[in-house]
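Have a look at the structure below before the remarks.
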Amino acid sequence: MLELRGVTVPGRQRPRIRAVSLQLQPGERVALLGRSGAGKSTLLAVANGLITPAEGRVYWFGAPASQQPLQRRRQQARIGTLWQDLRLVDELSVQQNLNAGCLARWSWRQVLLNLFSAQESEACCRALARVELEASLLVQPLGRLSGGQRQRVAIARLLRQNAELLLADEPLAQLDPPLARRLLQLVLDLGQPPRALLLSLHRPDLLEGFDRVIGLRQGELVFDQSPSALSPEDLHHLYSSSGLS
Amino acid sequence: MRSLFLVLAVLLAPLSPVLAAQVLRISAIPDQNPERLNRLYGLVAAELGDQLGVQVRYVPVIDYTAAVTGFRRGDLDLVWFGGLTGVQARLQTPGAVVLAQRDVDARFLSVFIANRQALKDLKPFTSIDELSQLKDKRFSFGSESSTSGRLMPQFFLAKAGVEPKDFSGGRPGFSGSHDATIALVQSGAYEAGALNEQVWESRLKEGKVDTSKVVLLWRTPTYPDYHWVAQGNLNKRFGAGFTSKLQQALLNLSPDQPRQAQVLELFGAKKFIEAPVDQYASIESVGRQLGKIR
Amino acid sequence: MTPAGQMLIPALVLLPLLWLLPGAVHGGGLALLLQFWVAALQPSLEPHLLLTALRGIGVTLAIALWSWLLSLLLGFGGGLLSSVAVSQRLWCCSWPALLARRLLALPRSLHELLWGLILLQLMGLQPGVAVLAIALPYGALVARVMADQLDALPVRPIEALSTAGAPAWAALFTAFLPPLWPQVLSYGGYRLECALRSATLLGVFGLGGIGADLRLSLQSLQFHEVWTSLWCLAAVMLLLEWSVRWLQRRWHQPLGCVGQRGLELLLLAVVLGLLLIPSAQLMELRWQELFSSWHWPESLPLWDVAGWMQPWLPLIGTTLLLTLLSALLALAITPWVLLLLCPWNGCRPLLQLLGLLARLLPPPLTALLLLFVLKPGLLPAVLALGLHNAGILGRLLLEGLDAQDQRASEALQLAGAGPRRSLLVAGFNTVARSYLSFGAYRADVILRESVVVGLVGAGGLGVLLLESLSSFAWIEVVPVLVVYAALTLIGEAAADAYRSRLLSGPLPLEGLNPAVGS
């Protein structure tokens, strides 16, 4: 579903990621591990097309990432991203935010109507139910929701987008442990076949349920293996500060 | 469907061309109180309309410059201009013709007036040189482009050695109209002013001047002033011979008919006469001298 | 210095003004000035006069409405074109936006009156001139404000939508419009009030509406008639200001969602739309004439060297001096009056009434009134511009004080501080930054406005411009316009620099937030 071949993104002092290659098959759920600043966010931004790498190639669903705008948008519409900072629109209602996931397939009329009145309420209700939120929240302005509720709304937006490849950038960073576990379960459920999931974490304590773990260190890929095969040495190498300048 | 058409018709009403017959638009420089102008030119429009069989409309303008601009742009067809504005308008509008002037316009003059209290020691002048006594006084002209309220008074002041910057405050005032000049001098807001002699006389006669407060200082030598100027394309728009019919209608205004008599009275004239174009050469040269014609 | 101190410092401008005063007063027309104010209590109520006044108001309102709508359309389009953020989304590069921004600076640099006088020359006597004259500079101004607002919005939500495959325009609409909307509403309403003032001013110069009646009846000293028009105008202005405020309060929800008020908005749009047609008919607006009758003066000597030979230094110097003095005066009046009179209960209503009168009278007419008692020159011009703008700034200050949190000043008063001290410490310090920032913006407006008091011989570029226009001296008009435009653009940059230093953040423009204290 996703393939990176020798991808390099230059940075100010050193490359943000260097010569990274990886592959993601349908149904695979992969965790991306590394310290903060290791290049996880950059890698995800390459994966969803926000950044075009200076070197190397990106393949989406078996085809090279297109440079032709329309074609590229069609490919991107199948990729959903759960951003670290959520990137929802505070001034819109929950329902309007959910519907923002549908922009790629909607006509201009629906896009405009969405700004003025509630569209596709039933589908939105279903999406909210999947993330265990009450339907009564639909009409609430997003700005009034709590942090955990907003995170769920962001996940529900991915549902509305009906993305096949799910990318998630540190979705659990600011949550207390029980909540983090529940949300991770939700995301993992979403990533079941035929979908695929690539999720970045900066701590290695929530790896159950993932099929593979990829380690990133200073922009380079250091391991790519199953979580059960992960040794303490691997982790130590990943998180040690030696070699940092 | 029909209602849709109705809505469209209403919506597009501002867009539709004027379907009515050609309108002759007349105007005048706003040298007097607007009510008076409305009354006068309402009568003129009615009279010309009846005589010529076309629709005539009076278009009021707010200042002298606007009248010249309107004429140059072709928005006004027949305008009662002052000497200076008439020359400006004709210089800017190729083909424009002078149709008529009043009997008084060939030998027109201005008056200088003063506030009695403010200038107690000022006696009426006997010669032009005495104008120099107006230095350092608060002085008001009429409109900036007025011939009798600004151009010629400024010309005579210059002959006596008084420049606009010599007045109190380093600048003369511009009241806007002849009536306003009288009122402002009478009130004491200005100590002295200059205006159209004819307006002065007629306001005296109507008892609208408080002679205990305002005094006449000096009458200027004569010069040509007001005239009717028409666009050169009227024959093309209204039919052959229209311009001369229009001219005749103006020249034939007589005191025997009640409405025409009223028009002539409001104009302060016994009749209109033909106006030789070359008499305005003097105005043009003064205008160039004072920078009002470039 | 505390912000409140900065608010009170401009009063130093009174020293040179007081020094100028004895030489400028003549008092000859004091009786006339008294008559004018006495006439306020007995406006002429003759039916035909009332009818004329109502018609004049109608035309002024029609001009304001049309020019306002047109300027919002132009401003919206221009704002999208000149926003770097939008440009990067749509065209993946920012130079089209930067270019548009430069181009839009040009229409903005000239006062609407100058646009009116230029368009009058090009298009002739027709009501459309006033509409376009206001719409062009206003449109460019709205475009700038919109672009600034757009560029200050967070781009991350839009990136999120774009990487999920949304078309650029759909992402723009969904992620940019909602946060922009409250500001559009509040700023748009404020522009309508400005448009009414501008339409009145253009009328004073003969471009249609009540302004012409005001000037003519004032010039012929028919004070009772002047007040008929003035009271009508006051009623309309107050009604407009109140209803705009009311709608802004109703629709301004910091965390609300767009769409909840959709029906009301739609209703308002329909009402405005229905008003457009009768108002076009009222002012006899005919589009085909507007676009068919353009007429360039033949042989326009644009680059003739003779026209460029002007004593620029004193001209520019006088213009700047006039601007500076008026701006400081406008800034100083309200805080000081408030400070001196605040123990008295009638202080606020009195200030509100005086402010309304100051906003109501266009500066050239105030200047004409002042000439009854002052000699022509800089002083009446400074007073006229200063008082008019003090009326506008004063209203913002009073609203800011009303909107602010009252607890701090209550606490101070409970602790025994007098009303003056609590106003100075709690009230002024909270609103000072935004007040001063609006003041800087106003100074920028006054620089453009300084041309309108050319009537009273204040000197400077305005006088030269009006004189050369009335002499049809194109050879002089163009250089003066160019210099004027350059000057206002520099002034705008200076005001912006001051404001961004003051606020260290995106610039809230006058009228952008209904509450000044934020």
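Residues that are within 14 Å of chain C (Cβ to nearest Cβ) and more than 25 Å from the chain's Cα centre (by Cα) within segment B:114-130 comprise B:R116, B:Q117, B:A118, B:L119, B:K120, listed in sequence order. Note on segment A:100-136: residues that are facing chain C (nearest Cβ under 7 Å) and among the hydroxyl-bearing types (S, T, Y) total 1.
Take the residues in segment A:5-23 that are of a type in the set (A, V, I, L, M) and surrounded by fewer than 22 Cβ atoms within 10 Å (Cβ to Cβ), then tell me which one is nearest to A:T52 (Cα to Cα). Of everything passing the filter in segment A:5-23, A:V9 is nearest to A:T52 (Cα to Cα).
The lone criterion from (1) hydroxyl-bearing (S, T, Y); (2) under 30 Å from C:V482 (Cβ atoms); (3) at pLDDT 85 or above left unmet by C:T228 is number (2). A single entry from B:A194, B:A189, B:A180 fulfils the requirement of being farther than 13 Å from C:P376 by Cβ and within 10 Å of chain C (Cβ to nearest Cβ): B:A180. When the residues of segment C:153-175 are filtered to those that are among the hydroxyl-bearing types (S, T, Y) and within 7 Å of chain A (Cβ to nearest Cβ), the one that is nearest to A:L103 (Cα to Cα) is C:T174.
Suppose we filter segment B:276-285 for residues that are at pLDDT below 90 and either touching a Phe, Trp or Tyr at 6+ places or on another chain (Cβ under 8 Å) or on the phi > 0 side of the Ramachandran plot (or both); how many remain? Number of matching residues: 1.
The residues listed here are C:R442, C:R448, C:R433, C:R420; of these, the one that is touching a residue at least 24 places away in the same chain (Cβ under 8 Å), closer than 30 Å to C:T488 by Cβ and surrounded by fewer than 22 Cβ atoms within 10 Å (Cβ to Cβ) is C:R433.
In segment A:186-231, what residues are in contact (Cβ under 8 Å) with a residue 12 or more places away in the chain, among the polar types (S, T, N, Q) and over 14 Å from A:L166 (Cβ atoms)? Within segment A:186-231, A:Q218, A:Q225, A:S226 meet the criteria. Suppose the filter is more than 7 Å from every other protein chain (Cβ to nearest Cβ), at pLDDT below 85 and more than 19 Å from A:L199 (Cα to Cα); does A:G143 pass it? No: the conditions fail for A:G143. Restricting attention to segment A:84-101, the residues being in contact with a helix residue (DSSP H, G or I) (Cβ under 6 Å, 6 or more places away or on another chain) and more than 18 Å from A:L133 (Cβ to Cβ) number 2. Taken together, the residues in segment B:178-223 that are in contact with a Ser or Thr (Cβ under 7 Å, 6 or more places away or on another chain) and in a loop (DSSP other than H, G, I, E, B) amount to 2. For segment C:1-71, the helices (runs of 4 or more DSSP H) that sit wholly inside it and include 2 or more residues that are over 27 Å from C:S198 (Cβ atoms) and within 14 Å of another protein chain (Cβ to nearest Cβ) are C:14-24, C:30-39. Each residue in segment B:33-75 was checked for being in contact with an Asp or Glu (Cβ under 9 Å, 6 or more places away or on another chain), outside any helix (DSSP H, G or I) and more than 9 Å from every other protein chain (Cβ to nearest Cβ), and 1 of them qualify.
Just checking, which of C:L18, C:L8, C:L30 is surrounded by fewer than 17 Cβ atoms within 10 Å (Cβ to Cβ), closer than 27 Å to C:P335 by Cβ and outside the structural domain of C:L172 (by TED's automatic domain parsing)? Every option except C:L18 fails the conditions.
C:W91 meets each of the listed conditions (1) of a type in the set (A, V, I, L, M, F, W, C); (2) over 25 Å from C:V463 (Cβ atoms); (3) modelled with pLDDT of 90 or more; (4) over 15 Å from the mean Cα position of the chain (by Cα) apart from (3).
Consider segment C:182-209 and keep the residues that are of a type in the set (A, V, I, L, M) and within 15 Å of C:V445 (Cβ to Cβ). The one that is farthest from the other protein chains (Cβ to nearest Cβ) is C:A195. When segment C:151-171 is filtered for residues that are buried (at least 22 other Cβ atoms within 10 Å of the Cβ) and among the aliphatic types (A, V, I, L, M), the ones remaining, listed by number, are C:I158, C:A160, C:L161, C:A164, C:A166, C:A170, C:A171. Residue count for segment A:194-213, restricted to those that are of a type in the set (K, R) and either outside the structural domain of A:A173 (by TED's automatic domain parsing) or not in a loop (DSSP other than H, G, I, E, B) (or both): 1.
Could you please find all residues in segment B:246-264 being free of Cβ contacts under 8 Å to residues at least 24 places away in the same chain and within 13 Å of B:E274 (Cα to Cα)?
B:Q248, B:N252
Conditions tested, residue by residue: (1) crowded, with 18+ Cβ neighbours inside 10 Å; (2) within 14 Å of another protein chain (Cβ to nearest Cβ).
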residue	(1), (2)
B:F108	yes, no
B:F112	yes, no
B:S132	no, no
B:F139	yes, yes
B:L151	yes, yes
B:A160	no, no
B:F174	yes, yes
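Being in the same structural domain as B:D63 (by TED's automatic domain parsing), in contact (Cβ under 8 Å) with a residue 60 or more places away in the chain and not β-branched (V, I, T) is a description that applies to B:W228. Residue check: is C:L263 without any contact (Cβ under 8 Å) to a residue 60 or more places away in the chain, closer than 30 Å to B:S143 by Cβ and at the interface with another protein chain (Cβ under 10 Å from one of its Cβ atoms)? No: the conditions fail for C:L263. Just to be sure, is A:Q76 farther than 18 Å from A:V153 by Cβ, within 22 Å of the chain's Cα centre (by Cα) and buried (at least 23 other Cβ atoms within 10 Å of the Cβ)? For A:Q76, the condition - farther than 18 Å from A:V153 by Cβ, within 22 Å of the chain's Cα centre (by Cα) and buried (at least 23 other Cβ atoms within 10 Å of the Cβ) - is met. Quick check on this structure: which one of B:A269, B:A275 is more than 14 Å from chain C (Cβ to nearest Cβ), touching an Asp or Glu at 6+ places or on another chain (Cβ under 6 Å) and crowded, with 18+ Cβ neighbours inside 10 Å? Only one candidate passes the filter, namely B:A269.
Residues are listed down the side, and each one gets a yes or a no for (1) among the β-branched types (V, I, T); (2) within 30 Å of A:Q174 (Cβ to Cβ); (3) within 12 Å of another protein chain (Cβ to nearest Cβ):
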| site | (1), (2), (3) |
| --- | --- |
| A:A38 | no, yes, no |
| A:A45 | no, yes, yes |
| A:P53 | no, yes, no |
| A:R57 | no, no, no |
| A:A63 | no, no, no |
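The values are calculated or read from the model by the stated rules, or taken from the named source; none is laboratory data. A quick note: this is a predicted structure, and the numbers were derived from the prediction, not measured. Cβ coordinates were reconstructed from backbone atoms using ideal geometry, including for glycine residues, and neighbour counts include every protein chain displayed.
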